[in-house]
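Engineer: After the structure tokens below, expect a handful of questions from me.
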Amino acid sequence: MTTCFNGASNVVQGGGMACLDDAGLTEINTLIDYYLENAKILKKGAEEMGFKVHGGDDAPYVFIDLEGKSSWDMFSKILTEADVVTIPGAGFGPGGEGFLRLSAFAPRDSCIEAIARLKKLNFD
């Protein structure tokens with residue numbers, strides 16, 4: 001038995017082409033603007049809490065510098081005390097340890113609520 005693959009199917013190619021017409025590009029840009037605004041909300045909130053923050057300007061991810069604290073410990077604290085899911089930097093390899101990633105790929109209200117919950121925590 002063998003499986004042959006000659007490229008993307010017509011349906012997939014049609015979907016890709018639809019993204020490139022005027023209506024598709026408008027929709028893509030609307031989504032990009034939405035998620036970048038979410039990233040700004042997350043970044044501003046983290047900065048207001050006193051964290052040093054990277055990203056969130058041209059990408060939908062915000063990296064919080066934990067200044068030497070364990071990313072897994074911070075992940076656990078935030079999950080158990082605030083019911084907010086974050087991403088421990090250690091998951092990105094040794095260079096990610098000491099950072100926590102926030103993702104802007106969520107509804108706007110969820111980003112606002114997450115920051116409000118985080119602001120109630122004691123991070124000392």
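Engineer: Would you tally the net charge around residue 95, using a Cβ to Cβ cut-off of less than 14 Å, leaving residue 95 out, and scoring K and R as +1, D and E as -1?
Structural biologist: -1
Engineer: Still on this structure: Only Lys, Arg, Asp and Glu count, each charged at its Cβ (+1, +1, -1, -1), so figure out the dipole size of the chain about its Cα centre, rounded to 20 debye. If you can, show how the numbers build up before the last one.
Structural biologist: Working: 11 positive and 18 negative charges, 62 e Å.
Computed charge dipole of the chain: roughly 300 debye.
Engineer: How charged is the neighbourhood of residue 104? Take every other residue with its Cβ under 14 Å from the Cβ of residue 104, and add Lys/Arg as +1 and Asp/Glu as -1. Could you put the intermediate results ahead of the total?
Structural biologist: Working: positive: 40, 43, 44, 101, 108; negative: 33, 37, 57, 58, 109, 113.
For residues surrounding residue 104, the net value is -1.
Engineer: Now a separate question. Could you tell me what a quarter of the Cα convex hull surface of the chain works out to, in nm² with one decimal place?
Structural biologist: Approximately 11.5 nm², given one-decimal rounding.
Engineer: Count of lysine pairs in the chain with Cα atoms under 15 Å apart, counting only pairs 8 or more residues apart in sequence or on different chains?
Structural biologist: Summing the qualifying lysine pairs gives 10.
Engineer: Using C-alpha positions alone, give me the convex hull volume of the stretch 73-116 per residue in cubic angstrom.
Structural biologist: Residue-normalised Cα hull volume stands at 66 Å³.
Engineer: So what is the relative contact order of the stretch 1-81, in percent, for Cα pairs below 8 Å that sit 6 or more residues apart?
Structural biologist: Worked out over the stretch 1-81, it gives 17 percent.
Engineer: On a 0 to 90° scale, report how tilted helix 22-48 is relative to the longest principal axis of the chain, with both axes built from alpha carbons and the result rounded to the nearest 10.
Structural biologist: Long axis of 22-48 versus the principal axis of the chain: about 10 degrees.
Engineer: Highest mean first, what order results for 92-102, 33-43, 14-24, 66-76 on Cβ atoms within 10 Å?
Structural biologist: For the peptides 92-102, 33-43, 14-24, 66-76, the packing ranking is 33-43, 92-102, 66-76, 14-24.
Engineer: Could I have the simple spin-label model distance between residue 113 and residue 49, label points 7 Å from Cα toward Cβ, reported in nm to one decimal?
Structural biologist: Taking the two extended label points, one gets 1.7 nm.
Engineer: Round to a whole angstrom and tell me the spacing of the C-alpha centers of the stretch 106-122 and the stretch 3-34.
Structural biologist: 32 Å
Engineer: Name the residue from 25, 10, 90 whose Cα lies farthest towards the positive end of the charge dipole of the chain, charges +1 on Cβ of Lys and Arg and -1 on Cβ of Asp and Glu.
Structural biologist: 90
Engineer: Residue separation times 0.36 nm, minus the C-alpha to C-alpha distance between residue 83 and residue 9: what's the value?
Structural biologist: Extra length available between residue 83 and residue 9 comes to 22.5 nm.
Engineer: Dipole magnitude of the stretch 1-65 about its Cα centre, charges +1 at Lys/Arg Cβ and -1 at Asp/Glu Cβ only, in debye to the nearest 20?
Structural biologist: Magnitude of the dipole: close to 220 debye.
Every number here is computed from the coordinates shown, using simple stated rules; none is lab data. Quick caveat: nothing in here was measured; it's all calculated off a predicted structure. Cβ coordinates were reconstructed from backbone atoms using ideal geometry, including for glycine residues, and neighbour counts include every protein chain displayed.
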